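Reviewing the structure listed below.
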Amino acid sequence: MDGNGRWARQRGLPRTQGHRAGARSVRAVVEQSVRCGIEVLTLFAFSSENWRRPQTEVSLLMELFLNTLRVEINRLMEHDVRLRIIGDLSAFSEKLQRQVREAERVTRNNSTLILQIAANYGGRWDITQAVRALALEVAEQRLLPEQIDEQAIAARLSCADAPDPDLFIRTGGEKRISNFLLWQCAYTELYFSDLMWPEFDGDAYLAALNDFSRRQRRFGLTGEQVNALAEA
Ligand code: FPP
């Protein structure tokens, strides 16, 4: 969700106004996901590196997460959305951690859409914590080194039970992955939009989904092999 700051600056507003406007796009994209039958939506809300921003901006973002959680919980229930937060939550305030756990608990039986919010998340952090968990299991002799394969690593990542993402969307004109789901995005289709996140509405999202639907995903096979498999 890139471009909140620039959207605000272009309008002579403080960056924090951009984040508030960004929250409206979050709502539009979540609702469009439900309408389109998307099963898992992951939003990159706050990276491990975002702590380095000015204190006032970090505080506003935390406040926005708290308020949005509080205000939106009924709407999540209405739309049968299950909320899950991925990332190292230990750095957040006790209050935010409590509220997050409560929102996850309240929505845990919803199943139309899983909404994952990545907060204090980094792809390298995720792989590191998975590798550390494996090392511990080996040290405690619950796992043999030769049992460590791709599946063993994937099973210890933050969103182990969710499928790998089909589509990655980045707004704001930059063409980078910026430490998002690094392991999980190995075969993900990439889509970059020049719109700033607050401008990215339901229609812009639909355009990205339509673009994705025209792609041929080969997963290392030839185009002919993929066509033959589709016809079988
Ligand atoms: C990146 O834009 C965006 C963020 C760091 C924060 C995203 C947060 C929201 C959209 C608020 C609501 C979110 C939830 C989940 C309730 P940027 O500030 O890096 O923009 P810039 O590159 O133009 O400076």
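The values are calculated or read from the model by the stated rules, or taken from the named source; none is laboratory data. These numbers were taken from a predicted model, which means no experiment stands behind them. As a convention, Cβ positions derive from the backbone with ideal geometry for all residues, glycine included, and neighbour counts pool all protein chains shown. Side chains are part of the model used for accessible areas, which takes the heavy atoms of the whole protein and leaves out ligands, DNA and RNA. Shrake-Rupley method; radii C 1.70, N 1.55, O 1.52, S 1.80 Å.
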Among (1) under 24 Å from G37 (Cβ atoms); (2) assigned to a helix (DSSP H, G or I) - the single one A133 does not satisfy: (1)
Meets criteria (at pLDDT 95 or above, touching a helix residue (DSSP H, G or I) at 6+ places or on another chain (Cβ under 8 Å), within 16 Å of the ligand (Cβ to nearest atom) and not in a helix (DSSP H, G or I)) for L157: no
Scan of region 201-232 for residues that are exposed (fewer than 11 other Cβ atoms within 10 Å of the Cβ) and either touching a Phe, Trp or Tyr at 6+ places or on another chain (Cβ under 8 Å) or closer than 30 Å to R11 by Cβ (or both), ordered by number: D203, N210, F219
Residue count, region 143-161 (criterion: surrounded by 14 or more Cβ atoms within 10 Å (Cβ to Cβ) and either in contact (Cβ under 8 Å) with a residue 40 or more places away in the chain or out of contact with any Asp or Glu (no Cβ under 6 Å at 6 or more places or on another chain) (or both)): 7
Scan of region 89-142 for residues that are surrounded by 15 or more Cβ atoms within 10 Å (Cβ to Cβ) and of a type in the set (G, A, S), ordered by number: A103, A118, A119, G122, G123, A130, A133
Region 91-115 residues that are farther than 26 Å from S59 by Cα, paired with ones that are among the hydroxyl-bearing types (S, T, Y) and open to solvent by 30 Å² or more (accessible area, probe 1.4 Å) (beta carbon under 9 Å, 6 or more apart): I114/T42
Whichever residue in region 183-200 is loosely packed, with under 15 Cβ neighbours inside 10 Å and of a type outside the set (S, T, Y) and, among such residues, is nearest to the ligand (Cβ to nearest atom): D194
Region 168-181: number of residues that are crowded, with 16+ Cβ neighbours inside 10 Å and not β-branched (V, I, T): 6
